[in-house]
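Only one structure is covered here, and it is reproduced in the block below.
The values are calculated or read from the model by the stated rules, or taken from the named source; none is laboratory data. It should be emphasised that the depicted structure is a prediction, and the values quoted were computed from it without experimental measurement. For neighbour counting, all protein chains shown are included, and Cβ atoms are generated from backbone atoms with ideal geometry for every residue, glycine included.
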Ligand code: CAA
C-alpha cells in the first residue's frame with residue numbers, strides 16, 4: 001500500500017490512515033492513495049465498514065495550496081471526483097476527525113456518512129481566506145447538513161468552529177471523550193453501525209437547505225453584504241454556489257460549484273491571497289536562527305510609558321495571560337493610563353466580546369510603578385516613550401541599571417536608529433526594536449528591528465513572543481522608518497505633491513480606497529495626526545533632498561494648528577468622525593502652488609494611482625536591495641497588516657508583479673521625464689528594479 005496512507009484490518013473494519021505530514025494536505029499523491037485504499041476496502045467482502053483517520057492524529061488541513069494554479073490541482077483523481085466516489089461506497093464510512101478538518105479536509109469528512117470528533121477538534125471551511133470557495137462539495141453538502149444560513153456564516157467568515165459547536169449544529173455526530181480515545185471510539189461507532197445494519201449514508205436533515213428561510217433570503221443577503229465585500233470576488237462566487245445548493249439537485253449543484261471554484265482559482269485575487277498564505281509562513285524563517293536556537297523565557301513583561309501606545313502594548317500581554325508592569329514618571333499619568341486600559345476593556349465587555357470576570361482577570365495582571373527598581377525581575381521590557389533619541393537613550397540607561405542580566409530590552413521606536421539606542425547600554429546584544437502599530441492592542445503588524453548587535457536568541461524569542469500575542473512579526477533591518485514608514489514617506493510625499501499640482505485630497509484618497517485600501521493617505525494622516533507626521537518629517541529633514549515643495553501642504557497645515565481629526569480640521573474638516581472636503585485646503589494648495597511655481601492642471605486618476613503606488617513599490621524594492629527587508633513577501637506583510645493594503649492585492653510587491661515590473665519601471669521613467677526638475681529629483685528607479693527588468697524577471701527578489 002502507498003506510504004501516504006496506512007491500511008489496517010481490524011476484524012471486519014478497514015482503518016485507512018492519512019499519513020502525509022505535517023497536515024495531510026490533499027495533494028494528488030494523497031488523493032490517489034486514498035482512492036486506492038477505499039477501492040481495496042470496497043472490493044473486500046470481509047470489510048463491513050471503513051474508518052478514515054489521520055495517522056498522526058490530525059485529520060486534514062484541506063487541499064494542497066501549493067497545487068493551486070497548476071495542473072496538479074485537478075489532476076486525477078481530483079478532489080470532487082474522489083469524494084463523489086466515497087459517497088457512492090455501499091459500506092458505512094466513519095471519519096475520525098482528530099484536531100483539524102479544514103477546507104477539503106472537512107469536505108472529505110462530509111463525504112463520509114458518519115463523523116466523530118474529539119474535544120480538541122476544530123472544523124471549518126477557510127477557503128475564503130485564499131480567495132476561493134469550497135470546491136469539493138462543501139458549498140453543496142454543508143448547507144444540506146446544517147442549513148443555508150449557518151453554512152454561509154461558516155464559509156464567509158472562514159473561521160473554524162470548535163468540537164462542541166460542530167456537534168451542536170450537526171457537523172459531528174459524536175464526540176470521543178479524549179483525543180487518545182478517538183480511534184477506539186470511531187471503531188466502536190463503526191461496529192455499532194455494522195451491528196445495526198446502518199445505511200452507508202444516513203438521511204441528511206436539510207435536504208432543502210433554504211427550508212424555513214424567507215423566499216428573498218439570498219437576494220437580501222447579497223444586497224446587505226455587497227458593500228462590505230468591496231471588490232472581492234470570492235464571497236460573490238460563494239454565494240452563487242449556495243444559491244445553486246438551494247435551487248438545484250445535488251449533482252447539478254456540485255457541477256456548478258466546480259465551475260465557480262475554477263473561476264475563483266484562476267483569479268488574480270486568489271493568487272494574491274495564496275501568496276500571502278505562504279509569505280506569512282516564510283516570515284518566520286530568518287537567517288541565523290532556526291529550531292535549534294535556544295529561546296529565552298518570557299514570563300514577565302514591563303512597558304515603559306502608559307500613554308496610548310504603552311497601554312495598548314500592555315493589553316496584548318494581559319490578553320495572553322502574561323503579567324505586565326507599567327512604568328510611568330508621574331502617578332497621575334500612570335493612573336490615567338491604567339484607567340484608559342480599563343475603559344478599553346470595558347468597551348469589549350459592552351460589545352459582548354469579554355466578560356466582567358475576564359476584564360478583572362486582565363486588569364489583575366497589570367501592575368503600575370514609578371520606580372525602575374520594580375523591573376528587576378522582568379524578562380522583557382518594551383519602551384514606549386516620546387519619539388526622541390535623547391529621551392529613549394535616557395530610558396535605556398535606566399533599564400541597563402535596573403534589569404537583570406539576560407532581560408530583553410526593546411524599543412517601540414517607529415523610526416529611530418536602534419543601534420544608537422543599544423549603544424548607551426552595556427548589553428547591545430539584548431536590545432531590539434519592537435515596533436507596534438496603533439492601536440497596538442488591535443493592529444496585527446509587529447516590525448521586529450534587528451540591530452547590528454542583536455543576539456540571535458533575542459530575535460528568535462521576540463519572533464515567537466510576537467506570535468504568542470497574536471501578532472504578525474516581520475523582521476526589518478535598521479534604517480529610518482524601517483520597512484513600513486520608510487515606504488510611507490515617498491507614497492505620502494507624492495500624494496502631497498499631487499494636491500499642489502491640482503488634485504484634491506478626496507480625489508487622491510478616492511483612487512486609493514478604490515483599490516480597496518482601508519484609507520487614503522490624507523484620511524490616514526488626519527487620523528494619525530498631522531502634527532505627529534510633521535514631527536517625524538522634521539526630525540529627518542536633513543536627510544532628505546532639498547525640495548521646497550516637499551510635503552509643504554502638511555507643513556502649512558501643521559503651522560495652522562490643523563492637526564487632523566483630533567482638532568476637527570486637517571486635510572479635511574470633521575464633524576465628529578464625518579469627513580468633509582474643505583475648500584480652505586484647496587485654496588491653500590492653490591496659494592502654495594503659486595508661490596512655488598508649481599503649474600496646476602486637472603490630474604487624472606491613473607496618474608494618481610501610478611505616482612503614489614509606483615513610488616511606494618520603488619522604495620520597497622530599494623529596501624530589499626539594501627537588505628533591510630529579507631524578502632518581497634515580508635514587505636507585503638508589513639503593508640497588509642500595518643497600513644490597510646488589501647490582502648486580495650497581495651501587498652505592494654505582489655501588486656507590482658501583477659502589474660508587470662516592466663510597466664512599473666516604464667511608469668517611473670515616464671514621470672522622471674514628464675515632471676521636469678521634480679521628476680528628476682524623485683523619480684529615480686531603484687537599481688534592483690532596473691536589473692530585474694533587464695534580466696526579464698517577473699518576480700521581485702534579491703538579484
Ligand atoms: N496546503 C499546503 N501546505 C499547507 C497547508 C495546505 N492546506 N496547510 C498547511 N500547510 C503547510 C504550511 O505551509 C507549513 O509549511 P512549512 O512548514 O513548509 O512552512 C506547514 O504546513 C505547517 O503549517 P503552519 O506553519 O501554518 O502550522 P500551524 O500549526 O500554525 O497551522 C494550519 C496549521 C491551521 C493547518 C494552517 O497551516 C492553515 O490554516 N492551513 C491552511 C488551511 C486551509 O486554508 N485549508 C483550505 C485549503 S483550500 C481547499 O481545501 C479548497 C477546496 O475546497 C478543495
Can you name the residue in segment 119-139 that is assigned to a loop (DSSP other than H, G, I, E, B) and surrounded by fewer than 24 Cβ atoms within 10 Å (Cβ to Cβ) and, of all such residues, is nearest to the ligand (Cβ to nearest atom)? 120
Flag for residue 535 being within 20 Å of residue 387 (Cβ to Cβ) and out of contact with any helix residue (DSSP H, G or I) (no Cβ under 7 Å at 6 or more places or on another chain): yes
I'd like the full set of residues that are surrounded by fewer than 18 Cβ atoms within 10 Å (Cβ to Cβ) and closer than 14 Å to residue 194 by Cβ, limited to segment 10-43. 10, 11, 12
Out of segment 140-164, which residues are within 14 Å of the ligand (Cβ to nearest atom) and assigned to a helix (DSSP H, G or I)? 140, 141, 142, 151, 154, 155, 157
Taking segment 356-385 and the residues there that are in a loop (DSSP other than H, G, I, E, B) and touching a helix residue (DSSP H, G or I) at 6+ places or on another chain (Cβ under 7 Å), the one that is nearest to residue 297 (Cα to Cα) would be 376
Residue that is farthest from the ligand (Cβ to nearest atom) [pool: residues in segment 237-259 that are out of contact with any helix residue (DSSP H, G or I) (no Cβ under 7 Å at 6 or more places or on another chain) and assigned to a helix (DSSP H, G or I)]: 247
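Residues checked against (1) crowded, with 20+ Cβ neighbours inside 10 Å; (2) without any contact (Cβ under 8 Å) to a residue 12 or more places away in the chain; (3) closer than 18 Å to residue 297 by Cβ; (4) in contact with a strand residue (DSSP E or B) (Cβ under 6 Å, 6 or more places away or on another chain):
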| site | (1), (2), (3), (4) |
| --- | --- |
| 430 | yes, no, yes, yes |
| 435 | yes, no, no, yes |
| 459 | yes, no, yes, no |
| 464 | no, no, yes, no |
| 468 | no, no, yes, no |
Within segment 260-304, how many residues turn out to be more than 14 Å from the ligand (Cβ to nearest atom) and closer than 24 Å to residue 467 by Cβ? 17
Only strands (runs of 3 or more DSSP E) wholly contained in segment 1-105 count here; list those with 2 or more residues that are more than 38 Å from the chain's Cα centre (by Cα), within 15 Å of the ligand (Cβ to nearest atom) and not assigned by TED's automatic domain parsing to the domain that holds residue 190. none
Return the only residue of 402, 410, 423 being closer than 23 Å to residue 300 by Cβ and over 28 Å from the mean Cα position of the chain (by Cα). 402
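Yes/no matrix, rows are residues, columns are (1) surrounded by fewer than 19 Cβ atoms within 10 Å (Cβ to Cβ); (2) assigned by TED's automatic domain parsing to the domain that holds residue 510; (3) closer than 26 Å to residue 441 by Cα:
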site: 564; (1), (2), (3): no, yes, yes
site: 586; (1), (2), (3): yes, yes, no
site: 620; (1), (2), (3): no, yes, no
site: 623; (1), (2), (3): no, yes, no
